[in-house]
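All remarks here apply to the structure that follows.
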Amino acid sequence: MNFLNKDKIRPFTKEEAENFVYEQIYELPTYILKPEFIPTAKHVHCIDDRHVEDDTFLAFPGAKAGELVTHLTALNEEQKCLGRSIGYLPQMVTTAFEQYLGMPNFHTDDHAGPEDLPCRGRGHCFNPLIHPEDYNLNHEMVIFLENYFQDLGKRIKKNNDPERPGFNPDEVIRIPIYSGEHQARAIFFVDDLTLGLRHNDGESQAYVYSRAWHQRSLRLTASQIFFRVLLILAPEVDLLSYQEKIVPEIASLRLGSTVKYLKAGNLPKFSVKRDARKEIIVVPLG
């Protein structure tokens, strides 16, 4: 199946990209700039160009489930560096992640079947399971993730059931079902903590990546995983190296692999940020 309708896509020119951004940019709510704010599933959606705007406002690759897989992949890399396996690592990391952030969210696609994994698609959560070699995952981690996502889907379904005793509508975890083919005309990297960007204007679509917020969230979560798990199981791991080197490198590798499989590598890339005068600018990326 072709998930990218290449025949209908004409990449944005710089002028078109600027017009798209200036029409679709918006200020993020000020409360998220407080030091204690931590993005969770109710704040985050995927970078997918098919995303339909809702009350989430940050775009991470694979949403919060993608962030979890990034950490598991980074810890897979740490095990290689240590030259040993860290027992019970994925189980303890997913438990720590959910204790800190709650259950992670993800999306699925309208081409998914009833027997497919809940995260069925061609993105950050499903692709690593079918192309693990391109995402630095070993066979054991793939099996763990397949079981984890099956269980996560069941727990989210139970959590979202309005007939469940104790049901709270504010705790519903939305799992969007994206439809149609990818029609992105650009990839936008939002490199400012105060800005959000909508994915479409009714005519054109774009991949949107809240890069500044994703990097901040990865650092916060890396610190939690270190103190909740690694100090117990692998105290020789260096926090600074894990937090500032390995995790960002894995996040970049995973994004590059997904872009490749989506055949989006030739799309123009732009950074969206503020200049020294606090004006919003759109800068082409090489």
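Among DSSP beta bridges lying fully in the chain, give the percent that are antiparallel, nearest 5. It would help to have the intermediate numbers written out before the result.
On the way: 10 of 24 bridges.
Counting DSSP beta bridges with both partners in the chain, the antiparallel share is about 40 percent.
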| query | Roughly how many debye, to the nearest 20, is the charge dipole of the stretch 30-117 about its Cα centre, given +1 on each Lys and Arg Cβ, -1 on each Asp and Glu Cβ, and no other charges? | reply | 540 debye
| query | Which far-off residues, 5 or more places away or on another chain, put their amide H under 5 Å from the one on ARG274, with H placed in the peptide plane? | reply | ILE281
| Which value at 222 nm does the chain reach when only helices count, each DSSP H run of 4 or more adding -39,500 (n - 2.57), with the total divided by all residues and rounded to the nearest 500 deg cm²/dmol? | -11000 deg cm²/dmol
| note | Exposure-ranked with fewest Cβ neighbours within 10 Å first, TYR31, TYR242, TYR26, TYR261 stand as TYR31, TYR26, TYR261, TYR242
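Work out, step by step, the length gained on full extension between ARG216 and VAL142: first 0.36 nm times the residue separation, then minus their alpha carbon distance; give nm to one decimal. Walk me through the numbers on the way to the answer.
Numbers: separation 74, 0.36 × 74 = 26.64 nm, distance 2.63 nm.
My answer for the length gained is 24.0 nm.
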| Which residue, GLN224, GLN150, GLN99, has the most motion in a Gaussian network model of the chain that connects Cα atoms within less than 10 Å? | GLN99
| message | Could you tell me which residue out of ILE246, VAL93, THR40 lies farthest along the dipole of the chain toward its positive end? Charges go on the beta carbon: Lys and Arg +1, Asp and Glu -1, centred on the Cα centre. | response | ILE246
| Phi-based couplings in Hz for the stretch 75-92 (Karplus 6.51, -1.76, 1.60; Gly and Pro marked x) | 6, 4, 5, 4, 4, 4, 5, 6, x, 8, 8, 9, x, 6, 4, x, 5, 6
| Derived scalar couplings ³J(HN,Hα) [the stretch 257-262; Karplus, 6.51 cos²θ - 1.76 cosθ + 1.60; whole Hz; x for Gly, Pro] | 5, 5, 4, 5, 6, 7
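If you stretched the chain out fully between ASP55 and GLN91, how much longer would it get, using 0.36 nm times the residue separation minus the C-alpha to C-alpha distance?
Working: separation 36, 0.36 × 36 = 12.96 nm, distance 3.08 nm.
Between ASP55 and GLN91, full extension yields 9.9 nm more.
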| remark: Amide H contacts under 5 Å for ALA59, restricted to residues at least 5 apart in sequence or on another chain and with H modeled in the peptide plane, are HIS45, SER210
| Residue-by-residue Karplus 3J(HN,Hα) for the stretch 133-144, coefficients 6.51, -1.76, 1.60, Hz, glycine and proline x | 5, 8, 10, 6, 10, 8, 4, 4, 5, 4, 4, 4
| request: First check a/c for the stretch 216-286, with a ≥ b ≥ c the square roots of the eigenvalues of its C-alpha gyration tensor; if it is under 1.5, answer rounded, and if not, answer prolate when a/b is larger than b/c or oblate otherwise. | output: oblate
| remark: For LEU195, other-chain or 5+-apart residues with amide H closer than 5 Å (H placed, Pro excluded) are LEU28
| request: On a C-alpha basis, how far is the centre of the stretch 229-244 from the centre of the stretch 137-192 in Å? Whole number, if you could? | output: 28 Å
| field | Translational diffusion coefficient (Stokes-Einstein; Kirkwood radius from C-alpha pairs) of the chain at 4 °C, 1.567 mPa s, in µm²/s | value | 66 µm²/s
| said: Running a GNM on the chain with Cα contacts under 10 Å, which residue among LEU129, LEU68, LEU82 ends up with the highest mean-square fluctuation? | reply: LEU82
| Under unit Cβ charges (Lys, Arg +1; Asp, Glu -1), what dipole magnitude, rounded to 20 debye, does the chain have relative to its Cα centre? | 340 debye
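Here, each number is a calculation from the coordinates, and none is a lab measurement. Only a predicted model underlies this, so the values are computations on that prediction, with no experimental measurement involved. Every residue, glycine as well, gets a Cβ built from its backbone with ideal geometry; the counts of neighbours run over all protein chains shown.
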